[in-house]
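Asker: Please find one structure pasted underneath; my questions will follow.
The values are calculated or read from the model by the stated rules, or taken from the named source; none is laboratory data. This is a predicted model, so every value here is computed, not measured. With ideal geometry, Cβ positions are generated from the backbone for all residues, glycine too; neighbour counts draw on all protein chains shown.
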Amino acid sequence: MTKKISRGGRLAIITGTSFVAAGTAYYFFMKITGWGIPCLLRLMSGLQCPTCGITHMFQHLFKLEFVQAYNSNPFLFFTWPMIGAEILYVVYIGGNNRELPKWNYVLLFYYIILLLIFGIIRNIY
């Protein structure tokens with residue numbers, strides 16, 4: 001007896017697969033060409049944005065180099081699984097035409113605040 005996957009479930013699976021495929025393609029593109037997407041804030045001001053280092057972090061994670069991955073972006077090193085799960089959750093709920101619960105908006109608000117604080121602190125020290 002198989003259970004039918006809901007529209008939101010299908011969208012979440014497609015979204016997750018698309019992110020993994022795009023990330024893998026970008027990884028191999030960078031590995032072959034040596035070209036990456038530069039951070040515009042860093043190019044213009046010399047400051048690191050809160051997400052600077054995420055590409056290097058994932059490169060190190062692919063090689064199972066956890067210390068170097070952590071050093072590339074400590075905040076996102078610990079929180080990227082939550083962000084991935086959140087993206088899939090939002091796609092799943094939205095795909096089923098339901099409203100997101102209030103706690104979800106609060107969670108995202110505090111996450112963005114913490115990410116901005118991290119971005120400020122990493123440029124001070």
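Asker: Between M44, M1, M82, which is loosely packed, with under 15 Cβ neighbours inside 10 Å, modelled with pLDDT under 90 and not aromatic (F, W, Y)? Break it down into steps so the answer makes sense when it comes.
Answerer: Numbers: M44 fails: modelled with pLDDT under 90; M82 fails: modelled with pLDDT under 90.
Among M44, M1, M82, only M1 is loosely packed, with under 15 Cβ neighbours inside 10 Å, modelled with pLDDT under 90 and not aromatic (F, W, Y).
Asker: Which of the residues that make up the range 67-125 are charged (D, E, K, R) and farther than 30 Å from I5 by Cα? Even if it seems obvious, please write down each step before you answer.
Answerer: Just the residues of the range 67-125 that are charged (D, E, K, R), to begin with: 86, 98-99, 102, 122.
Answer for the range 67-125, where residues must be charged (D, E, K, R) and farther than 30 Å from I5 by Cα: just R122.
Asker: Follow-up question, since we're still on this one. Looking only at the range 25-41, count how many residues are surrounded by 12 or more Cβ atoms within 10 Å (Cβ to Cβ) and either within 26 Å of F78 (Cβ to Cβ) or in contact with a Leu (Cβ under 9 Å, 6 or more places away or on another chain) (or both).
Answerer: The first filter runs over the range 25-41 and keeps only residues surrounded by 12 or more Cβ atoms within 10 Å (Cβ to Cβ), leaving 26-27, 29-30, 36, 39, 41.
Filter again for either within 26 Å of F78 (Cβ to Cβ) or in contact with a Leu (Cβ under 9 Å, 6 or more places away or on another chain) (or both), leaving 26-27, 30, 36, 39, 41.
Within the range 25-41, residues that are surrounded by 12 or more Cβ atoms within 10 Å (Cβ to Cβ) and either within 26 Å of F78 (Cβ to Cβ) or in contact with a Leu (Cβ under 9 Å, 6 or more places away or on another chain) (or both) number 6.
Asker: A follow-up question, please. May I ask you to say which residue of I113, I121, I93 is of a type in the set (A, V, I, L, M), at pLDDT below 90 and over 14 Å from the mean Cα position of the chain (by Cα)? Even if it seems obvious, please write down each step before you answer.
Answerer: On the way: I113 fails: at pLDDT below 90; I121 fails: at pLDDT below 90.
I93 is the lone residue from the list that is of a type in the set (A, V, I, L, M), at pLDDT below 90 and over 14 Å from the mean Cα position of the chain (by Cα).
Asker: Which residue pairs have Cβ atoms under 6 Å apart, sit 6 or more places apart or on different chains, and have a first residue in the range 86-113 that is surrounded by 14 or more Cβ atoms within 10 Å (Cβ to Cβ) and a second that is not in a helix (DSSP H, G or I) and not aromatic (F, W, Y)?
Answerer: I93/L100
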